[in-house]
Amino acid sequence: MKLGTVVSTFDGPNTTKFAFVVSDNAFGKVRKGQFVELEHENGKLIAVVRDIFRSNRYFERAESVAEYERAGFMSSHFPVDEWSYTIAETSIMGVYDGKALRRCSFPPSPGSDVNSVDESLLFNYLGFKKNGLCIGKLLNHDVDVRLGLSKLFQKHVAILAMSGAGKSYTVSVLLEELLSRSVEDGRIGVVVIDVHGEYSQMKHTALSDRITVYDASKIKVGTKNLSINMFPFYHSLSGPQKRVLGSALSTLKRAARLERKLFTVKDLALELSSLEDKNSAKTRDALLDHLESMRKMRMFGKVDDPSVSALVKPGHLSIIDMRNVDSEKKKQLIVAYYARRLFNAVKKGRIPPFLLVVEEAHNFASEKVRREDMLSKQEIEKIAREGRKFGASLCLISQRPVRLSTTALSQCNTHIIMRVTNPYDINHIGESSEGIDKHMLNSITSLKVGEALIVGEAVVQPIFVRVRRRKYDFVTDGVDLESLAREYERKSSARREDVEAFI
Ligand SMILES: Nc1ncnc2c1ncn2[C@@H]1O[C@H](COP(=O)(O)OP(=O)(O)OP(=O)(O)O)[C@@H](O)[C@H]1O
Ligand SMILES: [Mg+2]
């Protein structure tokens, strides 16, 4: 269908953009973000509508308009409708020569017809894959957005948006896609760090046989797998204290390796108490105090529970539900520990390639906190830098991109950006997302819930997407104020009745 005609403007058409005047019969059918095509010397030229303007010569001079309006309506004096026109400005994506989209090296001619794009070809132009992950539909088109697994995850993904924009929903759509893949398409293991316990409800869907939920408050870390800098009190230790602890730890680790004698924090404390050296008595007592508080955390045992091989299985989703863990330190320790263990295991080929999804990533890889003070940041940045060679992928989710580690964010080669209104975050996204222009940045504030801009490795050029609905829907626990208030009153009246019954 013909949509319009290319016009000459002050600086166009050139090899990157052109404008066209919209035909009368296509009025209302051209929208911002829509793809259009036109015949070009080297093939089909594909462009995307960046903005639309309407104009009418009769209404250019304010004083004349005001004057005529005073005397009655302009439209009764002049044929104003006939002078109204619509102009669409486009950015050129490239020229499709039958095989691939190539850079446009010669501008289209003014006067050329602009047509609606052939949607079946759009799928190819945009580099979507038949066996890719279907995240939703291209905005303004009936085209499935199917992103290739490697393109999307191998070089990591960041999902950035303000609260309530649909980040977690989008993740659950991607999880559905990952869990529905066949062996031939390539299946990876997925581990989700579920800070608010939202994803555990997925266990009650038809996908339940492929999902395991772990209560993070019951996780046990194998003491023998801890390196000394993973001890929660490591940074408060003096040099001599670190030395003494290090040597006791190596003694027990050696015994574990040679004699298969596993040990716990209590065993480590016993080993330290048996040190005879008088000079180190003070050091030893201080360490024993630390070990006692570490033991009280109740998260260190003889072996890992769950083990890394239980967590990562092809086509399987493991959800680490942190709802019952209050301490931020403990949450960070769990993320740091498993990130390190998973990465080491995949490097050695002991587990299949995996995707680690981290909700509230700014709390585990904060820009402001020093690496030494935040173990989880070190480990996340390490996977971000080196993971792709070994099949360790990250999906970082954050509602405060400004607070997320720039090292980690810059290694995420695909950004899925949903609605953001905070100007600091928008600026930050503009600086950290490659290929985003001013027009797109401005559109981010007006995205609706469930709409996203995808930029980077996974797409040939930035695209706007309407994230699809979940196939296996589930309800997350009600968190609206009304239900919280009702829940509180219900609980307190039950408590009152209990007390009255007791009296
Ligand atoms: N693609 C979509 N289709 C239908 N509903 C959606 C879609 N995306 C989001 N929603 C709805 O919008 C609401 C908010 O989504 P979601 O919980 O994913 O936001 P969020 O960005 O993760 O927020 P927060 O930062 O607070 O975690 C949910 O109730 C969800 O059902
Ligand atoms: Mg969320």
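A few comments on the model shown:
- Residues of segment 416-426 include none that is at pLDDT below 90 and of a type outside the set (S, T, N, Q).
- Residues within segment 198-235 that are touching a residue at least 12 places away in the same chain (Cβ under 8 Å), in a helix (DSSP H, G or I) and within 22 Å of LEU275 (Cα to Cα), tallied: 4
- PHE123 vs. criteria at pLDDT 90 or above and either not in a strand (DSSP E or B) or not hydroxyl-bearing (Ser, Thr, Tyr) (or both): no
- Annotation note: of LEU133, LEU126, LEU160, the sole residue that is among the hydrophobic types (A, V, I, L, M, F, W, C), more than 16 Å from ligand 1 (Cβ to nearest atom), crowded, with 19+ Cβ neighbours inside 10 Å and within 27 Å of ILE463 (Cα to Cα) is LEU126.
- Flag if LEU133 is more than 16 Å from ligand 2 (Cβ to nearest atom), assigned by TED's automatic domain parsing to the domain that holds ARG210 and not polar (S, T, N, Q): no
- In segment 384-503, counting only helices (runs of 4 or more DSSP H) that sit wholly within it, the ones holding 2 or more residues that are away from ligand 1 (no atom under 15 Å from the Cβ) and more than 30 Å from GLY127 (Cβ to Cβ) span 423-432, 481-502.
- Meets criteria (buried (at least 22 other Cβ atoms within 10 Å of the Cβ), among the hydrophobic types (A, V, I, L, M, F, W, C) and more than 16 Å from ligand 2 (Cβ to nearest atom)) for ILE397: no
Each row is one residue, and each column tells you yes or no for (1) within 16 Å of ligand 2 (Cβ to nearest atom); (2) within 24 Å of LYS313 (Cα to Cα); (3) assigned by TED's automatic domain parsing to the domain that holds HIS290.
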position: TYR169; (1), (2), (3): yes, yes, no
position: SER172; (1), (2), (3): yes, yes, no
position: GLY186; (1), (2), (3): no, yes, no
position: SER208; (1), (2), (3): no, yes, no
position: VAL213; (1), (2), (3): no, yes, no
position: ILE228; (1), (2), (3): no, no, yes
position: LEU252; (1), (2), (3): no, no, yes
position: LEU262; (1), (2), (3): no, no, yes
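- Qualifying residues in segment 428-453 (those that are β-branched (Val, Ile, Thr) and over 10 Å from LEU160 (Cβ atoms)) - the one surrounded by the most Cβ atoms within 10 Å (Cβ to Cβ): ILE436
- Scanning segment 353-374 for residues that are at pLDDT 90 or above, in a helix (DSSP H, G or I) and more than 15 Å from ligand 2 (Cβ to nearest atom) yields a count of 0.
- Qualifying residue in segment 269-278 (condition: of a type in the set (A, V, I, L, M, F, W, C), surrounded by 15 or more Cβ atoms within 10 Å (Cβ to Cβ) and not in a helix (DSSP H, G or I)): yes
Results for (1) within 30 Å of ARG466 (Cα to Cα); (2) among the aliphatic types (A, V, I, L, M); (3) not assigned by TED's automatic domain parsing to the domain that holds GLU119, shown as yes or no for each residue.
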residue: PHE27; (1), (2), (3): yes, no, no
residue: VAL30; (1), (2), (3): yes, yes, no
residue: GLN34; (1), (2), (3): yes, no, no
residue: GLU37; (1), (2), (3): yes, no, no
residue: LEU45; (1), (2), (3): yes, yes, no
residue: ILE52; (1), (2), (3): yes, yes, no
residue: MET74; (1), (2), (3): no, yes, no
residue: ASP81; (1), (2), (3): no, no, no
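- MET418 being within 16 Å of ligand 2 (Cβ to nearest atom), touching a residue at least 24 places away in the same chain (Cβ under 8 Å) and either surrounded by fewer than 24 Cβ atoms within 10 Å (Cβ to Cβ) or under 22 Å from LYS151 (Cα atoms) (or both): yes
The values are calculated or read from the model by the stated rules, or taken from the named source; none is laboratory data. It should be emphasised that the depicted structure is a prediction, and the values quoted were computed from it without experimental measurement. Here Cβ is always computed from backbone atoms with ideal geometry, including for glycine, and neighbour counts include all displayed protein chains.
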